[in-house]
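Derivation of every value follows stated rules applied to the coordinates shown; laboratory data play no part. Keep in mind that what you see is a predicted model, and the values were worked out from it rather than measured. Cβ atoms come from the backbone with ideal geometry, glycine included; neighbour counts cover every protein chain shown.
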């Protein structure tokens, strides 16, 4: 399998790259990291199955050229204050015949976070809620095999402890570790049909509250 990671120097992107590389079950997965400055991932490209490519998500031509020969796209950049990047990604995938994409997004884009924490979260995210919802809807309406991961507020805790909620269910908890998110993506790499065409929330059990429970 060939996997393209957009935003290849992000913390979750790095965790995924390392987990895929170090696991016997995914030793045949080749990773291409897409980012503005490839020098930032020189430590990762020393590994035999990881390469890097410079590009700009606001430039369609650089995205479409990076799609050649790819089987799975992981958009690790998160929701931006525009939907143009999502449109570029969808168009590039359709042009190159790539079907499978995993995209991270914000919690609350469907109004699924209940109570005071939901109110506070919406206030903190502001207009990004709308852009996140619009980006998720663009993926859902495309012909791609997509998965949207709606993330709790993130921690760097060294733990893999999480639960998933589906679209239409109330979001649970307030925080989750980046390592936990990386584990969900790793499961998709191992089994690309896992969570296909679903939007799921990810949280650490027991972190319910009015504010993020770190």
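What is the extension gain from residue 91 to residue 56, computed as 0.36 nm multiplied by their sequence separation minus the C-alpha to C-alpha distance, in nm to one decimal?
Net length gain for the segment: 11.1 nm.
Could I have the simple spin-label model distance between residue 169 and residue 124, label points 7 Å from Cα toward Cβ, reported in nm to one decimal?
The two pseudo-label positions are separated by 2.2 nm.
Under the 0.36 nm per residue contour assumption, what length would be gained going from the current alpha-carbon distance of residue 42 and residue 134 to full extension?
On the way: separation 92, 0.36 × 92 = 33.12 nm, distance 3.42 nm.
29.7 nm is the gain from fully extending residue 42 to residue 134.
Just to confirm my numbers, what's the Cα centroid distance between the stretch 33-65 and the stretch 135-214 in Å?
Using only Cα atoms, the two centres lie 25 Å from each other.
Give me the extension gain from residue 21 to residue 158: residue separation times 0.36 nm, minus the current Cα-Cα distance, reported in nm with one decimal.
47.5 nm
Using alpha-carbon pairs under 8 Å, 6+ residues apart, how would you state the relative contact order of the stretch 115-214 in percent?
Relative contact order of the stretch 115-214: 36 percent.
With the contact rule set at Cα under 8 Å and sequence spacing of 6 or more, what percent relative contact order holds for the stretch 2-203? Spell out each step's value before the answer.
On the way: 384 pairs, mean separation 41.0, N = 202.
Reported relative contact order: 20 percent.
Can you put 167, 187 in order, fewest other beta carbons within 10 Å first?
Final ranking by Cβ density, sparse to dense: 187, 167.
Kindly provide the Kirkwood hydrodynamic radius of the chain in Å, to one decimal, from all pairs of distinct alpha carbon atoms.
Taking the inverse mean of 1/r over all distinct Cα pairs, the chain comes out at 17.3 Å.
Run the quick spin-label model on residue 116 and residue 28: label points 7 Å from Cα toward the beta carbon, then report their separation in nm to one decimal.
Here the modelled spin labels are 5.3 nm apart.
Please identify, among 119, 178, 100, the residue showing maximal mean-square fluctuation in a Gaussian network model of the chain using a 10 angstrom Cα cutoff.
Checking each option, the largest mean-square fluctuation is seen for 119.
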